[in-house]
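First up is the structure itself, then whatever we jot down about it.
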Amino acid sequence: MNNEYVMQLQNIRKEYPGVVALKNVSLEIKKGEILALIGENGAGKSTLIKTCSGAVIPTSGKIMINGKEFSSMTPQLASENGIAIIYQEFNNVGGLSAAENLFLGHPIKKGFLIDKVAMEKEAEKAFKQLNINIDPKVLVKDLTVGYQQMIEIAKAIQQDAQVLVMDEPSAPLTTAEVESMFKVVELLRAKGVSIIYISHRLDEIFRLSDRIVVLRDGEYIKTLTTKDTHVEELIQLMVGRELNETYPPRNSCIDKNKVVLELNKVCGNGDRDISFKLHKGEILGLGGLVGAGRTELAQIIFGAAKKESGQIIFNNKEIDPKTPREAIDIGIALVPEDRKRHGALLQTSVKNNINMPIYKRISRLSVIDSKKEYEIAKKYKEELVIKTPNLNQIVKNLSGGNQQKVILGKWLAANSELIIFDEPTRGIDVGAKYEIYKLINHLVENGKTILLISSEMEELMGMSDRIIVLAEGNITGELRREEFDQTSIMRLASAMKEVKIKNENTGS
Ligand SMILES: Nc1ncnc2c1ncn2[C@@H]1O[C@H](COP(=O)(O)OP(=O)(O)OP(=O)(O)O)[C@@H](O)[C@H]1O
Ligand SMILES: [Mg+2]
C-alpha cells in the first residue's frame, strides 16, 4: 500500500432494491489535504462517505485506513481508526449543554459520577483551540446552526479524527458562519487532518480544496487538481453536458393593475410593521440575513404562525388564515426551507407526497382516483427530473436534493395562486437548479404570483422582479430590478441599527 494515503476506498459498490447507488467507485485521500467530492443530486456522494462510518455497508469493495484493510466498517471501528463524519443532517442533543454534547458517549467521570466541571474545562480548551467562542454551559438548542456545527467539528477533533468528512456543511449556515467554518477547516488541514468536503457550491470548492473527485450517476468520473481546473469544466463533468446560462430568460407578465397580496402593517412572530404589495405574475424577492424574519413572515401568511396585528389582503379580501389548511384552501402555498421537519412525509411514497394537498380534489365520495394520482405524480417526477426508481419509493430513501424536488412537486400540484418559496434550491445541484428556475418562470408566465426567500444573493437578484430586504423583523428597504446590487442588499440586510434609531426619533 502506498503510504501517501490516509484512507483509500477501492471499488466500492452499493446496490439497493432497484437502484445501484455506487458502481465501483474508488477514491483516496492524502494526509492534510482537503478533498472535495462533487456531483449532482443522487450521484452517490452521501452513500459513498457513509461507507466510511459503517452507516452504509457496501455490497462489495474495500476500505483501507493507514494500510489496514476492511470490507466494511462499523461506527466503533470508524471511530477507533480516526474517521469522523458530520452528516448532511447532523444530530446533536438540543437539551444538553455544549460541553455535554462534546463528550456525548464518553463523558469524563470522577468515580461513578459524571464530572461536569472537568468536561466544561476541557470543552473550553477544545473550543479555544479551534478559535471558536462558545460557552461550554450553554444549551445546544439555544445556539445557532453554525455553532451547533462547530460543536460537531470539535467533537471529531476531540476524538482524534485523522479524517473528517463533511457532507454539505455550509448548506444551513449564514455567510458569516460559513466564513468561520472555513477558518476552522483550514486550521485543521494545517494540523494534518485530512478532510473530505461535499458541497454544491463551487466557489467553496475552489476556495478550500486541494483536489476534487467528481461522481455522476453512481460512477467515478475524474479526479482533478483544483488549481488546474475551472467552474465550466466541473459543471460539464458533473452534468455530462454544457450549461450555458444560470438563469433562464422570462417574459415578464406582471399585471400592475392586479394586487394579489397586500400586507398592511403586519406584526407577529417577531416581525413588525410589514407592508408591501405583490402583483399578479410578479416574483418578489425577500432578502436578508438568516434570522431576519423572512421565514417568520412566510409562516404568518401561510397560517402557520399567529398574526398579532395588521391586515393581510388576498385578492381584495382580508384574510386571516389560522392554519396552513385554510391557507391552502384559499390558494396559498408555502414550500418550506427545512424539508426534514416540515416538508415531506419522509416515510411515505413519492406518489403520496406529491398528491398530498390535492387528495380532496382527486377523490369522489372519499375514493381516490388512483389513475389521476399516478398521472399527477408522474408529471412532476418528469418535470422536475426526480431521480427515483419508481413512484412508490419511500421519500426517505431519495438523496437529499431529490427529497427537495418531491416537496416542490407537491406544491406545484396544489396549483395555488400565490406560492411562497423558502430557499427553494438549497442543497440542489446546478443542473437541477436551472430546472427549478425554469419552473418558477413557467409559474409566473401562467399567472401565478411568487414570494421568493433566498439567502443566495445571486439567486435573489437573478430571479426577482423586485426585492425587499428585512433585518431583525423590519423592512429596511426595497430595490427595483435596475437597482439590484449585492452591496446595496447587504447594506440593507445589516441596516437595523439605523432603523432603530429612526424609530426612537419618531417615537414609535
Ligand atoms: N436507503 C436507501 N434505499 C434506496 N435507495 C437509496 C437509499 N439511500 C440512497 N439511495 C439512492 O442512492 C442514490 C445516491 O444517493 P445519495 O444520497 O448518495 O446522493 P447524493 O450524491 O448525496 O445526493 P444529494 O446531493 O442530493 O445529497 C440515490 O439515487 C438514492 O435514491
Ligand atoms: Mg447527499
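What follows draws every value from the coordinates through simple rules; no lab data is involved. None of the values given here were measured: they were computed from a predicted structure. Every residue, glycine among them, receives a Cβ derived from its backbone with ideal geometry; neighbour counts consider all protein chains shown.
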| said: Suppose each label sits 7 Å from its Cα in the direction of the beta carbon; what would the Ser26-Gln129 distance come out to in nanometres? | reply: 3.5
| task | Please compute the Cα-Cα pair-distance distribution of the chain with 20 Å bins starting at 0, giving whole percents from short to long. | result | 21, 52, 26, 1
| message | Let's test this: bin the Cα-Cα distances of the range 367-485 at 10 Å from zero up to the farthest pair and state each bin's percent. | response | 11, 40, 31, 13, 5, 0
| For Asp485, Asp228, order by how many other beta-carbon atoms lie within 10 Å, fewest first | Asp228, Asp485
| Kirkwood-type radius of the range 38-177, with distances r between different C-alpha atoms, in Å | 16.3
| remark: A correct Kirkwood calculation over the Cα atoms of the range 39-121 returns a hydrodynamic radius in Å of 15.2
| task | Within 10 Å, count the other beta carbons around each residue, average over each peptide in 129-138, 151-160, and list them highest first. | result | 151-160, 129-138
| message | Given the -39500 (n - 2.57) contribution per DSSP H run of 4+ residues, what per-residue ellipticity at 222 nm results for the chain, rounded to the nearest 500 deg cm²/dmol? | response | -9500 deg cm²/dmol
| note | Too long for a 21 Å Cα-Cα cut-off, among Lys372/Lys410; Lys351/Lys371; Lys256/Lys306; Lys68/Lys125, are Lys256/Lys306; Lys68/Lys125
| Hey, can you rank 97-107, 419-429, 389-399, 30-40 by average C-beta count inside 10 Å, highest first? | 419-429, 30-40, 97-107, 389-399
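What size of dipole, in debye to the nearest 20, comes out for the chain about its Cα centre when the only charges are +1 on Lys and Arg C-beta atoms and -1 on Asp and Glu C-beta atoms?
It comes to approximately 1160 debye.
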| Modelled label-to-label distance, Ile114 and Glu478, 7 Å Cα→beta-carbon offset: nm? | 5.2
| remark: Checking rank on 175-185, 376-386, with mean other Cβ inside 10 Å and highest first, the result is 376-386, 175-185
| query | Where the Cα atoms of the range 5-239 are projected onto their three principal axes, how long is each span, largest first, in whole Å? | reply | 52, 37, 32
| Given that compact globular proteins tend to follow 2.2 N^0.38 Å, what is the ratio of the alpha-carbon Rg of the range 151-204 to that value? | 1.09
| task | Take every Cα-Cα pair in the range 167-256 and report what % of them are more than 23 Å apart. | result | 38
